[in-house]
Amino acid sequence: MKDFMKSFRAFSESRNILGVGIGVALGASFAKIVESMVRDIIMPPLGLIFGTVDLSNIFFTIYPGNDGKMIYKTLADAQSAHAITMNVGSFLNTIISFTLAAIAVFLVIRWLSRTNIMIDSTASRTKSCPFCLSDIPYRATKCKFCTSTQPELKPSKQKREKSIDEKLVHEIKRSVKKIKKHI
């Protein structure tokens, strides 16, 4: 139990928890935006094409309700009568929402990769052993495969490269400033 508490405390005090919290909050907000876009912008024109304004009211009654009917005007009427229905319209709404969310996530990842925010984090952590050419940790002094002593690292005169978290936070702050200017 002590080990668990130590591990949990180390995790909660690390910067990773902040990233997880930001990701969850942005994900929930993003889901609401996609849901609103599907319901309020995309579904009305599709509803006109299919002959109904609300796709969620496209359903088939499989088994009659308590009143013995097989045909109901709305899904709510069928559900209130305890009829068993196949909700095709709700399924279509879910598929469209998922597709739009997938496209939006793809566009965000594409934007991040074009702005060089996302980098290969393993590339800077490893190096090749000059003797056996195996990948070893960058700061290793001995190769774990051939046990050869590694040349010393030369101190870098370059600025320390920002981590992905720092780059994302900087990019979010920059975007918020741009949005505030236009408001």
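Report yes if I41 is modelled with pLDDT of 80 or more and under 30 Å from V176 (Cα atoms), otherwise no. Yes; evaluated as a whole, the condition is true for this residue.
In the range 1-104, counting only helices (runs of 4 or more DSSP H) that sit wholly within it, the ones holding 3 or more residues that are within 30 Å of K167 (Cα to Cα) and touching a helix residue (DSSP H, G or I) at 6+ places or on another chain (Cβ under 8 Å) span 16-36.
Across the range 149-161, not a single residue is classified as closer than 19 Å to V108 by Cα and modelled with pLDDT under 70. For the range 27-41, a residue qualifies if it is under 18 Å from N57 (Cα atoms) and open to solvent by 60 Å² or more (accessible area, probe 1.4 Å), and the qualifying residues are E35, R39, D40, I41.
The values are calculated or read from the model by the stated rules, or taken from the named source; none is laboratory data. Quantities reported herein were computed from a predicted structural model and do not represent experimental measurements. Glycine also receives a Cβ, built like all others from the backbone with ideal geometry; neighbour counts cover every protein chain displayed. Quick note on the areas: whole protein, heavy atoms, side chains included, nothing else; ligands and nucleic acids left out. Shrake-Rupley method; radii C 1.70, N 1.55, O 1.52, S 1.80 Å.
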